[in-house]
Amino acid sequence: MDSFLEEDAEAVVVDGKRRRKRRRTPAAQAALHASLHLPFLPPPPVSSNEHKLNFKKSKEACLSYIQDALLQKQWKRAAEFLTCYVESLEKDYSRERIGASEMIWRIGTEILWHHSQSSVKEFSCFMEQMKTLGVKRYLKVCLEHVFHLLCNGQIDEAYQNLSLAESWRFGEQTAIQDKEMKLIQAYRGLLDYCSWSKQKSILLEHGEDEFSDLAVEQEMHSYFRKAAVNLKEIIKIPGVWDVFVKCYVDLLEFYGDHNEARQVLNEYAYNSKFPANPNAHVYLYQFLKRQGESKKSLISALKILHDIVPSHELMINFNTMLQKSKKRRKRRLGLEVIFAGLDYAGWKENEKAWSCLARQVKQIVISEKHLDWIKQEWNSRKDWWPAFHFSRYLAKRNWQENKNLSYEKALVAGILLGRDCKYFKYVSHQGSKAQLKRFRMLKKFVTRHNAVYLRISGPPVSSLPP
């Protein structure tokens, strides 16, 4: 941290006293104060109580300056004030040093992460110092150090740090930090998985040699055993462990243990002790699909995902499967699913989604069956969908950027809002000018079934007189 300080710093304030490091010319001093904005603290106190009070205020003021520098992303200035803060703590023998050590760790890490002159070596030195500040945070500091090493591609160093942290013991603190220790072991297992994956790639490249390199194969199995043990332990604890679950399942599938993989994914998705996690159901669905499971199983997995995240990209697959079902109840659900997805801004220009809705709406209109399905979905949306999806502005933009999208949306707009809908009128007119046959047919279709619009846009069935 000291290397980040300005070499021409005029003075630092400790215990309210200004300690001059070296003399500067008046011009240099003026420039220094203008660039660093060093605070002018009160003169030394007279009494002991006044000294303590002023010392406390000085520390609070220093923290305030640090916070201001961090908010303004002035990392060099923040480093200077943090150094002053650390030096002031060296003169403070009160209990407040215990809480201050965590602040130094948090603030120092943030500064080193963003500082232009920071290096991995300097960050590592800082982290080693932080590990000695308190045993209660030892494992957390180790984890943060490992993350920084991984972000900089130093995988071997990260693995070494994890191994050292795993061997750490400190009386009762070992039991208290049991979860942190399991996390340390889990990340070591993750790195073992990465090594296993590399060895697997090497062996698979041999092709017809049938893994002739026995040394590589043995090393691969060694990584598998170490990774599996640690990954299995962490996913027993309720939490969100996506990356660990995916890696563990990959290991199990490679060695043909599909039953164990299924059990792990079912537990991760359905155990009520775990927090609601959309990815858990995505992983289960993907596994079932790889295993060639029945559509009933796939639909069951996606149904729960739909309840959690109606706008998930897999909802298009869900809709497609439901539309192919012979059961009316599932086809009705399919219409609900695609309408719900298009309620979200992220789907506004999703061509596949609009194609799914247009296809199903067209089928219902031609058969003249289940128009009440469309009406039920439209009743809750007719007040805001026209401006959200079917404005003239969107018609122009969609036509310019994606004519296939504008076609699908125009079909839906024409059925839901009638042939006088701004979106439908603009797109059908542009299509006719461009002499595109499909758009002429679109206009004829909507005009022929304009009565459907009147039935859909009418009052709810419950409000009609007997």
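Checking Arg359, Arg381 one by one, the residue that is surrounded by 14 or more Cβ atoms within 10 Å (Cβ to Cβ) and not in a helix (DSSP H, G or I) is Arg381 and no other. Output the residues belonging to segment 418-432 that are assigned to a helix (DSSP H, G or I) and open to solvent by 10 Å² or more (accessible area, probe 1.4 Å). Residues satisfying the conditions are Lys422, Lys425, Tyr426, His429, Gln430, Ser432. In segment 200-209 there is no residue matching the filter, namely being touching a Leu at 6+ places or on another chain (Cβ under 7 Å) and either modelled with pLDDT of 90 or more or not basic (Lys, Arg) (or both).
What number of residues within segment 283-313 are open to solvent by 50 Å² or more (accessible area, probe 1.4 Å), over 16 Å from Leu357 (Cβ atoms) and not in a helix (DSSP H, G or I)? Qualifying residue count, segment 283-313: 4.
Here is a check on your reading of the model: is Gly256 part of a loop (DSSP other than H, G, I, E, B) and within 23 Å of Lys198 (Cβ to Cβ)? Yes, satisfied. Applying the criterion of being within 18 Å of Ala358 (Cβ to Cβ), touching a Lys or Arg at 6+ places or on another chain (Cβ under 8 Å) and of a type outside the set (A, V, I, L, M) to the residues of segment 392-413, the residue that is surrounded by the fewest Cβ atoms within 10 Å (Cβ to Cβ) is Tyr407. Selection of segment 371-425 for residues being under 29 Å from Gln435 (Cα atoms) and hydroxyl-bearing (Ser, Thr, Tyr) yields Ser391, Tyr393, Ser406, Tyr407, Tyr423. For segment 166-183, name all the residues that are open to solvent by less than 70 Å² (accessible area, probe 1.4 Å), at pLDDT below 80 and not small (Gly, Ala, Ser). Passing the criteria: Gln173, Thr174, Gln177.
When each of Ala280, Ala215, Ala276, Ala186 is tested for being within 22 Å of the chain's Cα centre (by Cα), aliphatic (A, V, I, L, M) and open to solvent by 40 Å² or more (accessible area, probe 1.4 Å), the lone residue that passes is Ala276. For Asp192, the test of being assigned to a helix (DSSP H, G or I), open to solvent by less than 20 Å² (accessible area, probe 1.4 Å) and among the charged types (D, E, K, R) is passed. Once segment 314-329 is narrowed to residues that are touching a Leu at 6+ places or on another chain (Cβ under 9 Å) and modelled with pLDDT of 95 or more, the residue that is surrounded by the fewest Cβ atoms within 10 Å (Cβ to Cβ) is Asn317. Checking the conditions here, which among Ala78, Ala100 is open to solvent by less than 20 Å² (accessible area, probe 1.4 Å) and at pLDDT below 80? Of the residues listed, the single one that is open to solvent by less than 20 Å² (accessible area, probe 1.4 Å) and at pLDDT below 80 is Ala100.
For segment 330-349, which residues satisfy the criterion of being assigned to a loop (DSSP other than H, G, I, E, B) and either in contact with a His (Cβ under 7 Å, 6 or more places away or on another chain) or open to solvent by less than 40 Å² (accessible area, probe 1.4 Å) (or both)? Answer for segment 330-349, where residues must be assigned to a loop (DSSP other than H, G, I, E, B) and either in contact with a His (Cβ under 7 Å, 6 or more places away or on another chain) or open to solvent by less than 40 Å² (accessible area, probe 1.4 Å) (or both): Leu342, Lys348.
The values are calculated or read from the model by the stated rules, or taken from the named source; none is laboratory data. What you are looking at is a predicted structure, and each value in this text was computed from that prediction instead of being measured. Note that each Cβ is placed from the backbone with ideal geometry, even for glycine, and that neighbours are counted across all protein chains shown. Protein only, heavy atoms only, side chains kept; ligands, DNA and RNA dropped before computing areas. Shrake-Rupley method; radii C 1.70, N 1.55, O 1.52, S 1.80 Å.
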